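The values are calculated or read from the model by the stated rules, or taken from the named source; none is laboratory data. Since the model is a prediction, treat every value here as computed from it, not as a measurement. When we count neighbours, we look across all protein chains shown, and the Cβ atoms used for this are built from the backbone with ideal geometry, even at glycine. Ligands, DNA and RNA are stripped out before the accessible areas are found, and what is left, the full protein with its side chains, is counted by its heavy atoms. Shrake-Rupley method; radii C 1.70, N 1.55, O 1.52, S 1.80 Å.
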Amino acid sequence: MEPLAGLSWQERFEWWIGGGRLPDGTHPRGWNSLLGMLVPSLASALRSGEPALSTAEKERYLRAVGDLYSYLEDHDLIEADDLLNRRLQLALMIGESGISLPGSGCEPDDAIQRVIAILTPERIDESVRLSPGWKTLSTPEIARLHRVRQLVRVAVGLRDHLSDPEVSALVSRWEPLDQVLP
């Protein structure tokens with residue numbers, strides 16, 4: 001990680017895009033450190049517009065993040081829930097940036113399908129049913145409800161970037177859960 005620490009975030013992306021990899025056997029914390037060197041800087045640049053990035057640069061860096069997540073998934077280097085959260089945040093960055101990355105699997109429409117696979121109608125119904133008395137539930141049950149709330153929040157953030165009005169309407173029906181879940 002030391003050689004990367006002295007590089008700008010754009011140089012770090014070029015290192016990754018050029019085939020740079022952490023050594024085999026690197027602890028997952030090392031991969032999380034790499035993510036911390038790349039993703040927040042890109043997100044900040046996309047939000048602030050500083051430095052000014054061309055559309056091609058935005059596409060290149062956003063696609064590189066998606067490729068990094070796929071690498072981490074393929075090599076089982078990050079927990080599934082953490083990876084899902086990161087993929088959802090990437091989809092939100094893509095949606096907010098106005099960039100389209102067809103075929104990347106990182107688009108808001110792709111991400112929301114991952115959420116829908118988890119937030120099944122049964123899980124939503126259970127969350128609605130348990131929400132009034134969530135403080136009396138066991139710790140694992142509270143954690144499950146908290147996870148639902150996290151996913152609802154991200155889905156609501158993605159809503160304005162979705163192409164299917166029916167899916168947008170579904171997300172809108174979930175929104176009240178954000179106020180009642182732990």
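Numbers for the structure displayed
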read-out	value
Residue match in segment 124-146 (condition: within 21 Å of the chain's Cα centre (by Cα), closer than 20 Å to residue 87 by Cα and not small (Gly, Ala, Ser))	yes
Qualifying residue in segment 102-110 (condition: farther than 24 Å from residue 48 by Cα, open to solvent by 80 Å² or more (accessible area, probe 1.4 Å) and touching a residue at least 60 places away in the same chain (Cβ under 8 Å))	no
Qualifying positions in segment 13-30 - farther than 15 Å from residue 66 by Cβ and not in a loop (DSSP other than H, G, I, E, B)	14, 15, 28, 29, 30
Given (1) under 19 Å from the mean Cα position of the chain (by Cα); (2) outside any helix (DSSP H, G or I); (3) surrounded by fewer than 17 Cβ atoms within 10 Å (Cβ to Cβ), number of the condition residue 78 does not satisfy	(3)
Subset tally (residues that are within 14 Å of residue 124 (Cβ to Cβ), part of a helix (DSSP H, G or I) and open to solvent by 70 Å² or more (accessible area, probe 1.4 Å)) for segment 154-179	1
Test for residue 56: is it without any contact (Cβ under 8 Å) to a residue 24 or more places away in the chain, in a helix (DSSP H, G or I), surrounded by fewer than 19 Cβ atoms within 10 Å (Cβ to Cβ) and not β-branched (Val, Ile, Thr)	yes
Top-ranked residue of segment 92-116 - restricted to ones that are over 14 Å from the mean Cα position of the chain (by Cα) and in a helix (DSSP H, G or I), ranked as nearest to residue 40 (Cα to Cα)	97
Residue that is at pLDDT 95 or above, open to solvent by 30 Å² or more (accessible area, probe 1.4 Å) and under 30 Å from residue 48 (Cβ atoms), where the choices are 149, 123	149
Selection status of residue 59, within 15 Å of residue 97 (Cα to Cα) and not β-branched (Val, Ile, Thr)	yes
Restricting segment 129-153 to residues that are in a helix (DSSP H, G or I) and among the polar types (S, T, N, Q), the residue that is nearest to residue 118 (Cα to Cα)	150
Some residue of segment 27-39 being among the basic types (Lys, Arg), farther than 26 Å from residue 113 by Cα, within 20 Å of the chain's Cα centre (by Cα) and open to solvent by 50 Å² or more (accessible area, probe 1.4 Å)	yes
